[in-house]
1. Just list whichever of LYS107/LYS377; LYS316/LYS400; LYS150/LYS316; LYS153/LYS498 have alpha carbons separated by over 30 Å in the model shown.
2. Which of the three applies to segment 324-364, rounded, prolate or oblate, going by the alpha-carbon gyration tensor with a ≥ b ≥ c and a/c under 1.5 meaning rounded?
3. What residues qualify as long-range amide H neighbours of VAL296, i.e. H under 5 Å apart, gap of 5 or more or another chain, H built at 1.01 Å from N?
4. How many angstrom lie between the Cα centre of segment 279-300 and the Cα centre of segment 354-418?
5. Can you run phi through the Karplus equation (6.51, -1.76, 1.60; θ = phi - 60°) for segment 262-270 and list ³J(HN,Hα) in whole Hz, with x for Gly and Pro?
6. From the phi of every residue in segment 271-282, what ³J(HN,Hα) in whole Hz does the Karplus formula 6.51 cos²θ - 1.76 cosθ + 1.60 yield, where θ is phi - 60° and glycine or proline is x?
7. Using the Karplus equation 6.51 cos²θ - 1.76 cosθ + 1.60 (θ = phi - 60°), what ³J(HN,Hα) coupling, rounded to whole Hz, does each residue of segment 293-302 give in order, writing x for Gly and Pro?
8. With a probe of 1.4 Å, find how much accessible area segment 293-344 has per residue, and write the answer as a whole number in Å².
Amino acid sequence: MDPSSKSPDDDDRRPEAEAARRPQPQPQPREWRFAQVFGERAAGEDVQEVDIISAIEFDKSGDHLATGDRGGRVVLFERTDSRDSASRSELERQDYPIARHPEFRYKTEFQSHEPEFDYLKSLEIEEKINKIKWCQTANNALFLLSTNDKTIKYWKVQERKVKRISVMNLNTSQSSGNGTTSSSSSSSSRAILPNGGCSEKLYNFPNNDLLFPPGGCTSLRLPVVTGQDLNLVPRCRRVYSHAHDYHINSISNNSDGETYISADDLRINLWNLEISNQSFNIVDVKPANMEDLTEVITCAEFHPTHCNTLAYSSSKGSIRLIDLRQSALCDNHSKLFEEHEAPGSRSFFTEIIASVSDIKFARDGRHILSRDYMTLKLWDINMDSGPVATFQVHEYLRPKLCDLYENDSIFDKFECCLSGDGLRVATGSYSNLFRVFGCTPGSAEATTLEASRNPMRRQVANPTRPARTLTSLTRAVRRGGENPGVDANGNSYDLSTKLLHLAWHPTENSIACAAANSFLGTQ
């Protein structure tokens, strides 16, 4: 191309291209601190099994938080520090915005599920809440989905005004408990007084439990509303049942606000929120012969903005992206995300630790975060050759896989979450610890925090983030990690206290962690 034929637009684009090639500044690692706790138990107090939190979820605005427990209860919390709730005088006094972490207070709770028994299959169905998902709000009412192993319920929580009425002239203190007085129940009518009263009570009317004062009422006051009380009333609007033969492991709302999916080990069903007696099976991995079964569905999630796209993960460590526009039964995926194992590295535990326990879409829908037992992986939906980043979480447990298999800890299902800006990811671990990683290119941020009043107590100097693929990961483990109960950093770990559930606030750097029967906010 002749240099003299360059257009002026080429010169205009050159600074933009150079700016794009210039390395972007890395966000500074955050110093995390404790925000608040709900359900904190006293020293030495035992945790009841039914009180252990099994699900936690922020709504899209971040103004409400829901938790579910093994006892089938759903507890709602609401934010109290938002600018919308501040008075006008307070807002006028603020010359500049004040940065503060979200603060929540208890709102209400209700019993979502009860224990059941399937007599046809001789199967006991636990009341434990597996997942909670918020739906779109309408008319100042909150809507959410909750599910146990078999049944999904659609809840509406709304404030109802209860009117308080002023006391009337009539005296009700002398009436007996059965609605009649102790005097004779048969009497004739007496003279009617000018003010509408009568000189003696009439007893020929049922449920007449009011006594007029002697001589009648000097003045008649009509009932007046003196105030209103707001009561939160939860109501189950829909029950979606008898659609899954296996335990439901996930539910996910569609961006269209009308449909959602529910997934069990072998099938994914599509529901309409307003239709509870019918669902459509869109994914079915059940083979004709169950002996040929090689993998099961572990999690399913709708794309945050594309109503026709969803992803689901499997026990073999793969993630499949499907397009609902391709066919009614989406057994064929449009994209497959998996990482091939290194030659010669396969062992008895390879498939177990590769099973994906949770997946989450980034808020922009460009990336998918997945969690298996050992690692946290970030995938770009436009690049199916491998993850763009791999974060080591449990590498120090690799020498202990036999022990973890014996006590079933290797089957623990840890959840993961992303920050609203997409700069960080987080997941839980043992000893009530959770890890926060920076996921921007070149970031070395890796923070270990404890779900306690001093989250930085277990903080240690983290090594630089390992390379992208498992084949290039160092297998060197500190010898102190070979001792039972000691990790690679020399810190003791407790397999009985595990942080499985956590959620990141959609707009702020605040994480809600479920530790046994209490949840903590960390900012």
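The values are calculated or read from the model by the stated rules, or taken from the named source; none is laboratory data. Keep in mind that what you see is a predicted model, and the values were worked out from it rather than measured. Each accessible area value is taken on the protein alone, full model and side chains, heavy atoms only, with ligands, DNA and RNA left out. Shrake-Rupley method; radii C 1.70, N 1.55, O 1.52, S 1.80 Å.
1. Long pairs (Cα-Cα over 30 Å): LYS107/LYS377.
2. Prolate is the answer for segment 324-364, as a/c is 1.5 or above and a/b outweighs b/c.
3. Answer set, sorted by chain and number: SER315, LYS316.
4. 21 Å
5. Karplus-based 3J(HN,Hα) across segment 262-270 equals 10, 10, 10, 5, 10, 9, 10, 10, 10 Hz.
6. Whole-Hz 3J(HN,Hα) from phi for segment 271-282: 10, 9, 4, 8, 10, 9, 9, 8, 9, 10, 7, 10.
7. Couplings: 5, 10, 8, 10, 7, 10, 6, 9, 8, 6 Hz.
8. Value for segment 293-344: 48 Å² per residue.
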